[in-house]
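What follows draws every value from the coordinates through simple rules; no lab data is involved. Please read these numbers as outputs of a predicted model, since none were measured by experiment. All Cβ positions, glycine included, derive from the backbone under ideal geometry; neighbour counts span all protein chains shown.
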There are 4 protein chains.
Amino acid sequence: MLRIAVLGAGRIAKIHAANVAAHPNATLVLVADPWREGVDALSTQLGCEAAYDCAAVLTRKDIDAVVIGTPTDTHIDLLLAAVAEGKAVLCEKPIDLDIAKARSAAQAVERQGGKVMLGFNRRFDPDMLRLRQALDAGQIGAVRQVIITSRDPGLAPRDYLEHSGGILRDMTIHDFDTARHLLGEEPVEVSAFASRLVDPSLEQIDDYDSVMVLLRTASGKQCHINCCRQAVYGYDQRVEVSGANGVLLTDNHRPSTLRHWSAEHTEALEPLQHFFLERYADAYRNELTQFIDALNSGRALPTSVRDGLYALHLADCALESVKTGRSVAVNYGL
Amino acid sequence: MLRIAVLGAGRIAKIHAANVAAHPNATLVLVADPWREGVDALSTQLGCEAAYDCAAVLTRKDIDAVVIGTPTDTHIDLLLAAVAEGKAVLCEKPIDLDIAKARSAAQAVERQGGKVMLGFNRRFDPDMLRLRQALDAGQIGAVRQVIITSRDPGLAPRDYLEHSGGILRDMTIHDFDTARHLLGEEPVEVSAFASRLVDPSLEQIDDYDSVMVLLRTASGKQCHINCCRQAVYGYDQRVEVSGANGVLLTDNHRPSTLRHWSAEHTEALEPLQHFFLERYADAYRNELTQFIDALNSGRALPTSVRDGLYALHLADCALESVKTGRSVAVNYGL
Amino acid sequence: MLRIAVLGAGRIAKIHAANVAAHPNATLVLVADPWREGVDALSTQLGCEAAYDCAAVLTRKDIDAVVIGTPTDTHIDLLLAAVAEGKAVLCEKPIDLDIAKARSAAQAVERQGGKVMLGFNRRFDPDMLRLRQALDAGQIGAVRQVIITSRDPGLAPRDYLEHSGGILRDMTIHDFDTARHLLGEEPVEVSAFASRLVDPSLEQIDDYDSVMVLLRTASGKQCHINCCRQAVYGYDQRVEVSGANGVLLTDNHRPSTLRHWSAEHTEALEPLQHFFLERYADAYRNELTQFIDALNSGRALPTSVRDGLYALHLADCALESVKTGRSVAVNYGL
Amino acid sequence: MLRIAVLGAGRIAKIHAANVAAHPNATLVLVADPWREGVDALSTQLGCEAAYDCAAVLTRKDIDAVVIGTPTDTHIDLLLAAVAEGKAVLCEKPIDLDIAKARSAAQAVERQGGKVMLGFNRRFDPDMLRLRQALDAGQIGAVRQVIITSRDPGLAPRDYLEHSGGILRDMTIHDFDTARHLLGEEPVEVSAFASRLVDPSLEQIDDYDSVMVLLRTASGKQCHINCCRQAVYGYDQRVEVSGANGVLLTDNHRPSTLRHWSAEHTEALEPLQHFFLERYADAYRNELTQFIDALNSGRALPTSVRDGLYALHLADCALESVKTGRSVAVNYGL
């Protein structure tokens, strides 16, 4: 049984803690967060210990692994401390919003041979797992073009956006990781357009709400990403990969298969699942299972801190492309 | 916290026991079955007590409710004993394969005011819940025609079939309950055809593998059920309800949304979910939740032992119709 | 070039006349109808001769074939006269509403070796042609169950209904022909329920608006037909054939593929095509092409007057089943 | 009756000639092409006059309008001569492959007030007509992002490609017109990547087979186009428009609605329609009808020679972007 501590008691940390508690091959030892009410309620509900000092927890001998679900600006310190104590780590994305800090953290982890997995939850979504499996099985031959549609149901609150690092680093970063995961080859060139079509006042915080990106790999594979902060019809997450022998497509999820034909319309289906907590519930569960399985079996973790670094770098390149109107070469010598 | 005992350690009982163990408002006190290896393994896995005498368990004071998941021919005795001890009961369908025994059991439960819920799991399927909700909301107005498609992925083993009571009582009985649930009015006339198109040797046990049934209610609402013991493309479970103002349709479930377009075909989707354990996993969970919620809140249980009686009677009428080539009037004075 | 006369100037006759005029291997010589305004307008539009006496037209030497699109009660007389003059005939269904008259007409045609094709337009629908082709290619192995959904967009006017012969002979008769076409074996037993759910006043003319039928062939293949005179969501025409190795399904047609996702719903499609003139426009064109091709090549016509007779007999059996509550044996010794 | 001459007897000209011949409000006077066998066969089939000198035809008084379906490098001369003679013109795209020639032709037509419609057939596709209508009706509010997928079934022959002007001017030019048609605002910035993923030897003729483009309008609306010369699964033509209040999507067409569920897969549909002659047959017919209707009614033609000029300019900008790796500003002062 792997003994796990969950750091954080917020929205994502609660999901991770519940998944650890329910996992047959892991024990939830404690949840830790300086926010006492949150951590007390969560530990009571899940029947585990409560702690208020995240850093102190990392020195305990009865803990094998930690899940970091605290605010982004605490990720690097907790990550490096956990690695120093020999703990395996599942860390929420992003590593940090600053590429220089993210790079030195990645290098530090790599020097010490730390076992760190980045929480790119979409790689663990059942649709994405099947898509990756179909690609590996050669169902469409060599990949040529990838199209990723990624739209949130609505604009996040302004105070969240102010500290988000901007749409490309906060939202599109997931899609940059998906692009790398599916292209099977690193993007070497980025081009991007960004607009404020939902809320023009985002100019005040130098952010955008609608983004279109192009990526190109060395051998010429292409990827298009389109992001928008608002889709009134629900959380829109679709992926298409076309290759030499065919195309693979994944679609949105709905709460049930019910269709309705009336005099006004036919085939009106249920609305899409609301947002990522609903849409990626299985992904979070699978992510944790793969983390635990890899640790128990000694196999490599499926995502690395370097994956986090590269996704952030792609976001920075896209932002530079938006500002300069030029395609930007990607630098993998980080 | 509702204290629950699960009777049985077989396929369905294991699902119920795991759902009880994971439920926030219930405690799994014990699992009981004369099959010692089964019950020992299950109780160890779920961290509860093991018992080997189902009847003895019913007298314990630390048990509020029991889930009966034992073989069909033990249902009535355990059910009546549990009711006599004042326990609430969630009993797997069918009550019994013999309509006379089922009727007197139903009457006994009703006389004693027993709290008994029949495990018609499909009523608790997310698709069916949404469909029922849409009907209740008047989305298609008055119901006119119901069409139920119900096909198993493959023929069950011969020794199972020999004790199953025949396709109409074993398999179509679910669809008879669905028909009653959706028509909103009792069927008063039944007509049916049955054939042996999958395995002609079923004649040796006087059973069939392919069935088509028509039902009619007093006001003229109509329902068609088609059942087959073998669908090579997977477990096929679809429902369509047409009404004065439109039609509602539910579709099969698949493990992911992945589609594949190749030179041979387009839109090849994943195979359907294999069989009922996969397809109705959520239904079993919802079923238990509604049982627990009803008991905790004092509300009526959502299915009754009489529901089980009527579904069995419809199966018997359909069988009589197959044998006589006449439509058969249904008798609700049972 | 096949020289064709079209008898009739009403709704269906106009479709046939335009298709003949546009066909590269046929010439539209004339259209004939006692209704002078109608025939004058139609002949002017299509650039052909106008005639006012249908019977007189049949003796002309410059006509090889006739399309009969006149009222049902004139079909037999024109049909037999045309056959007597050696003309090939494409006759709209039904032959007649009276089974005895239809039978003697069929027998007369067969005795004289007349070339008569019945206008069961659905057999020539692109979907049905592909379905039949897939069955012939063995894509699903031996057929087991057929399900036919057939709903009109709205109730026809009362004076039409009064002379229609009733829903089973007027509307379901198409589906009886489809059933025979797809089962690949004659139905030998019929069972049916009929109700008045759209318009209870249909009792005044001894008719129904909602019908469910079961058919069984000698080897046990089964077919379900459901018909309704009103589907507010549009003309609903779907067919499903399940066999030993899979299932084939056809779906409704829509004017375009446009889908709309909004805050209220997702996947709202265009309404279904309005009614049979739109839905089966291609079928009428294909029907005529197969008629002309068969005549030009000397191959057998794809539907016979006996097909019309058997479909009518099935309708009569279904009606008897509705009245008696018994399944009715079909008689193929007509 | 509008009297029309069709110039050309090749693949597209034959479609136009047949559509003119079948049109109730137009007469096909002649087809003209120096290729005698082609024009003789076509004129015989359609029952019209044959001519061998396209230019000579333009001076005839019995001709009101001409359809130009000759090779691209003859378009401008015939176009300007026809305008000089006061004929209305429906001209196949592109005007010319050279932007300077196209610009002076457009300016000449505009100076003379010539009635010239460019054959951007996709605008007349039933799906596109409905999409445009839904946008005009405000079904999704203000447009934000457009995504156009445009893939041919297979690489055209090398000698065609050598004179095609390259993938962007030959194939993507259709999508540039679609983008302009749907954005409702001119693109002002273009960014593009192009690769040789189907056939690396295209480098010999300085062409590409796989293209991804981004467009941006002055107000920030965005459009993505992806093109590929080979899609083994068939001709892939999809459009998606997302707006403030929802999204509209059009899908590919198939010859029938037949679906097949087998042990290997479910929902395998028919292959997509083969290529543009099948997919856009209705579009060509609608295009001609709108040309004839506009001329007969005196309304403006739905596409102009300037539309052709702008689409070509966008293709040139995209090509420059591919070569320079920069986004390129669009110049509408042409």
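Of note:
- More than 14 Å apart - percent of Cα-Cα pairs taken over the stretch D:40-127: 67 percent
- The angle between the Cα long axis of helix D:75-84 and the longest principal axis of the Cα atoms of chain D comes to about 50 degrees, rounded to the nearest 10.
- Relative contact order [Cα under 8 Å, 6+ residues apart], chain C, whole percent: 19 percent
- Gyration tensor (alpha-carbon) shape descriptor, the stretch D:1-78, a/c threshold 1.5: rounded
- Tilt relative to chain D, helix D:281-297 - C-alpha long axis, 0 to 90 degrees, to 10: 50 degrees
- Other copies of A:E49: label-to-label distances in nm, shortest first, labels 7 Å along the beta-carbon direction: 3.1, 10.1, 10.5
- Reachable aspartates and glutamates from A:K87, criterion Cα separation under 19 angstrom, eight or more residues apart if same chain: A:D33, A:E49, A:D53, A:D62, A:D64, A:D77, A:E110, A:E287, A:D293
- Shape analysis of the stretch C:212-276 based on the Cα gyration tensor places the equivalent ellipsoid semi-axes at 31, 16, 10 Å, largest first.
- Using alpha-carbon coordinates, inclination of helix B:36-46 to the longest axis of chain B, degrees: 90 degrees
- From least to most packed, judged by other beta carbons within 10 angstrom and beginning with the fewest, C:V322, C:V66 follow the order C:V322, C:V66.
- Exposure proxy ranking, count of Cβ atoms within 10 Å, fewest first, for A:I147, D:I167, B:I12: B:I12, A:I147, D:I167
- Extending 7 Å from the Cα toward the beta-carbon at both D:A300 and A:D40 defines two label points whose distance is 7.1 nm.
- Stokes-Einstein, applied to the Kirkwood radius of the protein assembly as shown over Cα pairs at a viscosity of 1.306 mPa s and 10 °C, places its translational diffusion at 45 µm² s⁻¹.
- Global geometry of the stretch B:177-313, whether rounded, prolate or oblate, following the gyration tensor of its Cα atoms and the 1.5 cut on a/c: oblate
- In nanometers and ordered shortest first, the copy-to-copy spacing of the D:A244 label point, defined 7 Å from Cα toward Cβ, is 3.9, 4.8, 6.2.
- Relative contact order %, the stretch C:196-330, counting alpha carbon pairs below 8 Å whose residues are six or more apart: 12 percent
- The mean sequence distance of close C-alpha pairs (under 8 Å, at least 6 residues apart), as a share of the length of the stretch A:1-151, puts its relative contact order at 18 percent.
- The stretch A:81-186: C-alpha gyration tensor shape, a/c 1.5 cut-off, then a/b vs b/c: oblate
- Calculated FRET efficiency for the pair D:R60/C:M1, C-beta based, R₀ 30 Å, to 0.05: 0.45
- Chain D: calculated mean residue ellipticity at 222 nm from DSSP helix runs of at least 4, using -39500 (n - 2.57): -11000 deg cm²/dmol
- Among beta bridges from DSSP that stay inside the protein assembly as shown, the antiparallel ones total about 55%.
- Of the cross-linked pairs A:K221/D:K101; B:K323/C:K323; A:K93/D:K323, those separated by over 29 Å at the C-alpha level are A:K221/D:K101; A:K93/D:K323.
- Residues whose placed amide H lies under 5 Å from that of C:L2, excluding near-sequence neighbours: C:A26, C:T27
- Placing a label point 7 Å from Cα along the Cα-to-Cβ axis, D:E203 is separated from the same position in the other copies by 4.5, 7.2, 8.5 nm, shortest listed first.
- Taking one quarter of the surface of the convex hull spanned by the alpha-carbon atoms of the stretch A:261-326 gives a direction-averaged projected area of 9.0 nm².
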